[in-house]
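Undergrad: Before I ask anything, here is the structure I am working with.
The values are calculated or read from the model by the stated rules, or taken from the named source; none is laboratory data. Keep in mind the model is a prediction, meaning the values are calculated, not measured. Please note: Cβ atoms are built from the backbone with ideal geometry, for glycine as well, and neighbour counts cover all protein chains shown.
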Amino acid sequence: MKVYYDDEVDALYLKLGDDTPDGVIEISEGVNIDTTSQDKIVSIEILNASKKMDLRTVLSYSLEFDKDLITQKFG
(Lines give C-alpha, C1' and ligand atoms only; values in the text may rest on other atoms or scores of the structure.)
Protein backbone atom coordinates (compact mmCIF):
# COMPACT_ATOMS: atom_id res chain seq x y z
CA MET A 1 0.00 0.00 0.00
CA LYS A 2 1.21 3.49 -0.83
CA VAL A 3 -0.10 6.62 0.84
CA TYR A 4 -0.13 10.03 -0.83
CA TYR A 5 -1.29 13.29 0.69
CA ASP A 6 -1.65 16.57 -1.19
CA ASP A 7 -1.80 19.35 1.39
CA GLU A 8 -2.66 22.00 -1.24
CA VAL A 9 -6.04 20.38 -1.91
CA ASP A 10 -6.28 18.37 1.35
CA ALA A 11 -6.67 15.02 -0.44
CA LEU A 12 -5.48 11.63 0.82
CA TYR A 13 -4.96 8.80 -1.66
CA LEU A 14 -4.39 5.21 -0.57
CA LYS A 15 -3.11 3.07 -3.44
CA LEU A 16 -3.77 -0.59 -2.66
CA GLY A 17 -2.46 -2.23 -5.82
CA ASP A 18 -1.20 -1.79 -9.34
CA ASP A 19 -4.43 -2.65 -11.17
CA THR A 20 -5.99 0.04 -13.34
CA PRO A 21 -9.36 1.19 -12.00
CA ASP A 22 -12.41 0.90 -14.25
CA GLY A 23 -14.90 2.70 -12.05
CA VAL A 24 -15.49 4.75 -8.92
CA ILE A 25 -17.90 4.20 -6.05
CA GLU A 26 -18.65 7.22 -3.85
CA ILE A 27 -19.32 5.78 -0.40
CA SER A 28 -19.92 9.18 1.20
CA GLU A 29 -19.40 12.78 0.18
CA GLY A 30 -15.73 13.13 -0.79
CA VAL A 31 -14.81 9.49 -0.11
CA ASN A 32 -14.32 7.46 -3.28
CA ILE A 33 -13.27 3.87 -3.89
CA ASP A 34 -11.67 3.03 -7.23
CA THR A 35 -12.50 -0.49 -8.43
CA THR A 36 -11.76 -2.81 -11.34
CA SER A 37 -14.44 -4.42 -13.48
CA GLN A 38 -14.06 -7.50 -11.23
CA ASP A 39 -14.98 -5.34 -8.18
CA LYS A 40 -11.44 -5.42 -6.80
CA ILE A 41 -10.62 -2.34 -4.70
CA VAL A 42 -7.63 -0.53 -6.20
CA SER A 43 -7.50 2.70 -4.22
CA ILE A 44 -9.32 5.00 -1.83
CA GLU A 45 -9.48 8.77 -2.20
CA ILE A 46 -10.54 11.06 0.64
CA LEU A 47 -11.19 14.71 -0.16
CA ASN A 48 -11.04 17.29 2.67
CA ALA A 49 -9.14 14.58 4.48
CA SER A 50 -7.96 16.67 7.45
CA LYS A 51 -11.57 17.48 8.28
CA LYS A 52 -12.62 13.81 8.18
CA MET A 53 -9.80 12.13 10.06
CA ASP A 54 -6.64 12.57 12.06
CA LEU A 55 -4.01 12.44 9.31
CA ARG A 56 -1.31 11.46 11.80
CA THR A 57 -2.90 8.00 12.06
CA VAL A 58 -2.34 7.40 8.34
CA LEU A 59 0.82 9.35 7.63
CA SER A 60 2.69 7.89 10.60
CA TYR A 61 2.35 4.16 11.19
CA SER A 62 4.16 0.98 12.12
CA LEU A 63 3.90 -2.53 10.73
CA GLU A 64 3.63 -5.74 12.68
CA PHE A 65 4.05 -9.13 11.06
CA ASP A 66 2.89 -12.53 12.25
CA LYS A 67 6.08 -14.59 12.19
CA ASP A 68 4.20 -17.86 11.61
CA LEU A 69 2.33 -16.42 8.62
CA ILE A 70 5.55 -15.19 7.00
CA THR A 71 7.27 -18.54 7.61
CA GLN A 72 4.37 -20.45 6.02
CA LYS A 73 4.21 -18.22 2.97
CA PHE A 74 7.91 -17.76 2.27
CA GLY A 75 9.56 -20.60 4.16
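Undergrad: Looking at the stretch 33-54, which of the residues that are crowded, with 16+ Cβ neighbours inside 10 Å and polar (S, T, N, Q) is nearest to residue 13 (Cα to Cα)?
TA: Here the residue is 43.
Undergrad: Find all pairs meeting these conditions: Cβ atoms under 6 angstrom apart; at least six residues apart or on different chains; first residue within the stretch 1-20 and closer than 10 Å to residue 45 by Cα; second residue among the acidic types (Asp, Glu) and outside any strand (DSSP E or B).
TA: Note: no pairs meet the criteria.
Undergrad: Residues of the stretch 7-25 being surrounded by fewer than 16 Cβ atoms within 10 Å (Cβ to Cβ), under 18 Å from residue 53 (Cα atoms) and more than 14 Å from the chain's Cα centre (by Cα), which ones?
TA: Within the stretch 7-25, 7, 8, 9 qualify.
Undergrad: Among what's in the stretch 1-29 and is in a loop (DSSP other than H, G, I, E, B) and under 22 Å from residue 60 (Cα atoms), pick the residue that is modelled with the lowest pLDDT.
TA: 1
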